[in-house]
Protein chains: 2
Amino acid sequence: MILQTTLAKIDANRQRYVEELLGFLKIPSVSTYTHHASDVRRAAEWVGNHLQRIGFETRIYRTERHPVVFAQHCNAPGAPTLLVYGHYDVQPPEPLDEWLTPPFSPSIRDGYVYARGATDDKGQFFTYVKAVEAVLAVAGNLPVNVKFLVEGEEEIGSPSLGRFMREHSHELKADVITISDFSQFSRGVPAITYGLRGLSYFQLDLQGPRFDLHSGSFGGLIHNPVQVLADILARLKSADGKVAIPGFYDDVLDLEEWERKEMDSLHLDESALKEYLGVEALTGEKGYTPMERKTARPTLDVNGIWGGFSGEGAKTIIPSKAGAKVSMRLVPDQDPAVINARFEEFVRALTPPGVKIDITELNAAGPLLVTRDNRAVQAAARAIDIGFGKPPVFIREGGSIPIVNLMKEVLTTRNILMLGWGSPDDGAHSPNERFHLDDFHRGIRSAAALLFEIAESRSTRPE
Amino acid sequence: MILQTTLAKIDANRQRYVEELLGFLKIPSVSTYTHHASDVRRAAEWVGNHLQRIGFETRIYRTERHPVVFAQHCNAPGAPTLLVYGHYDVQPPEPLDEWLTPPFSPSIRDGYVYARGATDDKGQFFTYVKAVEAVLAVAGNLPVNVKFLVEGEEEIGSPSLGRFMREHSHELKADVITISDFSQFSRGVPAITYGLRGLSYFQLDLQGPRFDLHSGSFGGLIHNPVQVLADILARLKSADGKVAIPGFYDDVLDLEEWERKEMDSLHLDESALKEYLGVEALTGEKGYTPMERKTARPTLDVNGIWGGFSGEGAKTIIPSKAGAKVSMRLVPDQDPAVINARFEEFVRALTPPGVKIDITELNAAGPLLVTRDNRAVQAAARAIDIGFGKPPVFIREGGSIPIVNLMKEVLTTRNILMLGWGSPDDGAHSPNERFHLDDFHRGIRSAAALLFEIAESRSTRPE
């Protein structure tokens, strides 16, 4: 009843919400650029003031770099508490000349708003703000306790968030966490993400001779560090597309038959994908479909390589140094610590005498799988059905989102909702980033419905 | 008799020759720098004027870039003609801060003159000028006809020389050619170089997806061009250090037993070499000594590699592009054209669908072996014995010197002398390049003796 009135109110205010979003999108809160620090601060204040105005108790916390906005409305004693995570910072807009309209002058075309941050994450996160506003306007209170955690460092790897969360874990306590930073499976196919891959990221630095050598005078005498690096990289994968590190697959959970069937039904259009990527053929681990390979199977990629001469023409040297960045995407139940040790051991064993190698671990994050029969997930599925007019599909994401692991670990809850209203072709991180205003609207409706659905499945609390 | 008087004259004038050399070394004739073009021209004029003054008919030819100095003294009818090749241009002196004294302010310390070009090639080539001057002063004529070909583009790859030589092949006609750009085996061990390795140099450019991709979203779906490149490079060599291209060794001449023995007697100090290079171990083709591997066996090296992200930290991309420079050192009787075709075919066969590859040939030069029982070589050996007081050793050079092939091809002679008076540790191309003044002096004596020895072995002409 209240939900129906709320949804009607949301429909009636659709245009105002869009205008407010445009104001938010005009703030160039690029977190990585020092010269935008005051804009980032302005975006934090914009969010804080907005939440305060609609009735939230709001506080802006300083960190070493960009502020964290924390806000709460906890007037539903006995009801569960929902923590909404979002970020108000954005990626750099470059390359600027590829934008049809300027990145911080939001422009509406064909139902989309185009601007940096439109979908990632200003537009998506703002739906929750408008949802609580609408419910408060209709009912004077919220059916659950709601907390907002909105950071300004997501696009630079959330360096302050771990410490902040540990220091404020009591304040942040919640029964359910919703993370606004995901997306639909494709436009018109809303989704709940229930799995993430983990990440192990290494840098390899090889040193052969003390300086670059004349390849005529020394060719045939010593190990060339680029050749050694190529030999190592080649041995990391086998011909069937598998990762060749001993024990790499030991802890990989097999896909269940039902899950493989469900993935199959999602219909990944391979020929459209090949055209989009400009490649003649896809490839990968034998025995698995592309959808399985990109989300539920571990993989290894070289992210970059360097060494020796790369200028114009011919320079006949044996390089002194070579290096590469190598990363692995992990799946449940692979443990990054175990995988990292195996990687290091394997790479060291492949390095011959005459070449020194430094192996530096740059990043590690565990994989994640959310139990789908969890009541919070079921509540979210119903909310999306209300907001979008169709039930969500369940998907696994191939990327790694370290903040999710952080939430799980620090806030000790398994009720994590990985939701998003945009679409994979919205161009997050690319020029001409966009967000469809229909999706923005459906997102606000879904967010409002989520409050009521969580309230009704109160058993989510003690789970 | 005349030779003895000439050698005495050379000894008597030693100090004056050094002072003249210092004047030559002061001219910063760096051929690769456009802003040094007038200095390069000044060096050409210095050489031309010098040769004219001592009685040579001299001409400075323009080319598209830097001039060629041609000079001749052909008053010995019936005697053979010797063509002396040298270059008056020098390498850039950078890094400047590593020089103890400025590169174009020659400084004498411990018997060495330190300056850019001291050994490569001003000092070495100038010995021939002083030699003919001394002979002319003593005898009023030369025992052979002598031509000088002195270019100003050697350090930028002699781009004009081929055309110049073809257009002036009649003028350049000679029975014996001596190239002043080599060196002793080591200081105190004078040498005649009788073999050169050839060179095949390629650039590989690989293209995977149209743009860099998120390795989370696409890892496991497509060929990573860096991985493909590493796989290709790894397959180019086998575990025993051999080049794995099919047919690569088909035309390689085996080393004769006597040559292996001779190479063994040259005594390459492996532990000193390892210390100099800063490596724990040497490596290379199994079954051959380091000396054989670095001069008489073919090899393959990656000269450079690039692709994807090489900045600080972690960037989780699958690179769109990757590339490498790959070169092979060839030995007699390998034909670069045949090797190039085999390389291309092999690399293409290793490239999977889903990745495009461009293979660009950047350089090709055939290997060279001079017959040692050739009368010109024997004459040079006797001349060196006179100049240095000990007979030369015979060595093969691991590098490739395309101008030698050019001489052989355009001037259609097999009587090519690859001589040099400096030492491998003189630092050609490095900071603090130097030339020992004793070697400069012995070089002038050797060059003078060479004229007489060639005159005496007149049968070099019709060979």
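The values are calculated or read from the model by the stated rules, or taken from the named source; none is laboratory data. As the structure is a prediction and not an experimental result, all values here were calculated from the model. With ideal geometry, Cβ positions are generated from the backbone for all residues, glycine too; neighbour counts draw on all protein chains shown.
Evaluated against (1) over 24 Å from the mean Cα position of the chain (by Cα); (2) within 14 Å of chain B (Cβ to nearest Cβ); (3) hydrophobic (A, V, I, L, M, F, W, C), A:PHE346 falls short on exactly one condition, (2).
When you go through (1) farther than 30 Å from A:SER400 by Cβ; (2) crowded, with 17+ Cβ neighbours inside 10 Å; (3) modelled with pLDDT of 95 or more one by one for B:VAL338, which number turns out not to apply? Of the numbered conditions (1) farther than 30 Å from A:SER400 by Cβ; (2) crowded, with 17+ Cβ neighbours inside 10 Å; (3) modelled with pLDDT of 95 or more, the odd one out for B:VAL338 is (2).
Residue count for region A:204-221 satisfying the condition of being within 7 Å of chain B (Cβ to nearest Cβ) and more than 18 Å from B:ASP425 (Cβ to Cβ): 4. Considering the conditions (1) at the interface with another protein chain (Cβ under 7 Å from one of its Cβ atoms); (2) of a type in the set (Asp, Glu); (3) buried (at least 16 other Cβ atoms within 10 Å of the Cβ), A:GLU292 is excluded by exactly one of them, (1).
Being part of a loop (DSSP other than H, G, I, E, B), in contact with an Asp or Glu (Cβ under 8 Å, 6 or more places away or on another chain) and at pLDDT 95 or above narrows it down to one of B:PRO391, B:PRO353, so name that one. Only one candidate passes the filter, namely B:PRO391. If the requirement is being farther than 11 Å from A:HIS87 by Cβ and at pLDDT 95 or above, which of these qualifies: A:LEU161, A:LEU142? Just one listed residue meets the conditions, A:LEU142.
As a summary of the residue check, B:LEU233 satisfies the conditions (1) more than 7 Å from chain A (Cβ to nearest Cβ); (2) crowded, with 24+ Cβ neighbours inside 10 Å except for the one numbered (1).
Checking the structure you have, find out if any residue of region B:327-335 is modelled with pLDDT of 95 or more and facing chain A (nearest Cβ under 7 Å). Scanning region B:327-335, I find at least one residue that is modelled with pLDDT of 95 or more and facing chain A (nearest Cβ under 7 Å), so the answer is yes. Criterion first (part of a helix (DSSP H, G or I) and either under 27 Å from B:PHE218 (Cα atoms) or modelled with pLDDT of 95 or more (or both)) does A:ILE403 satisfy it? Against the criterion (part of a helix (DSSP H, G or I) and either under 27 Å from B:PHE218 (Cα atoms) or modelled with pLDDT of 95 or more (or both)), A:ILE403 qualifies.
Among what's in region A:295-309 and is within 8 Å of chain B (Cβ to nearest Cβ) and polar (S, T, N, Q), pick the residue that is farthest from A:LEU266 (Cα to Cα). Here the answer is A:ASN303. For region B:368-382, the count of residues that are surrounded by 17 or more Cβ atoms within 10 Å (Cβ to Cβ), farther than 30 Å from B:GLY443 by Cα and in contact with a Phe, Trp or Tyr (Cβ under 9 Å, 6 or more places away or on another chain) is zero.
For every residue, the table says whether it meets (1) over 28 Å from A:ASP205 (Cα atoms); (2) touching an Asp or Glu at 6+ places or on another chain (Cβ under 9 Å); (3) touching a residue at least 12 places away in the same chain (Cβ under 8 Å).
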residue	(1), (2), (3)
B:ALA281	no, no, no
B:PRO290	no, yes, yes
B:GLY323	no, yes, yes
B:MET328	no, yes, yes
B:GLU361	yes, yes, yes
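When region A:421-435 is filtered for residues that are among the polar types (S, T, N, Q) and within 10 Å of A:GLN184 (Cα to Cα), only A:SER423 remains. In region B:80-87, is there at least one residue being in contact with a Ser or Thr (Cβ under 6 Å, 6 or more places away or on another chain), within 22 Å of B:HIS436 (Cα to Cα) and buried (at least 21 other Cβ atoms within 10 Å of the Cβ)? Within region B:80-87, one or more residues are in contact with a Ser or Thr (Cβ under 6 Å, 6 or more places away or on another chain), within 22 Å of B:HIS436 (Cα to Cα) and buried (at least 21 other Cβ atoms within 10 Å of the Cβ). The set of residues from region A:183-203 being surrounded by 24 or more Cβ atoms within 10 Å (Cβ to Cβ), part of a loop (DSSP other than H, G, I, E, B) and more than 8 Å from chain B (Cβ to nearest Cβ) comprises A:SER183, A:GLN184, A:PRO190. Among the conditions (1) within 18 Å of A:HIS214 (Cα to Cα); (2) in contact (Cβ under 8 Å) with a residue 40 or more places away in the chain, B:SER430 misses just one, which is (2).
Applying the condition of being free of Cβ contacts under 8 Å to residues at least 40 places away in the same chain and within 7 Å of chain A (Cβ to nearest Cβ) to region B:310-321 and asking which residue is surrounded by the fewest Cβ atoms within 10 Å (Cβ to Cβ) yields B:GLY313. Among what's in region A:322-335 and is of a type in the set (Gly, Ala, Ser) and crowded, with 24+ Cβ neighbours inside 10 Å, pick the residue that is farthest from A:GLU397 (Cα to Cα). Step by step, filter region A:322-335, then rank; the result is A:ALA322.
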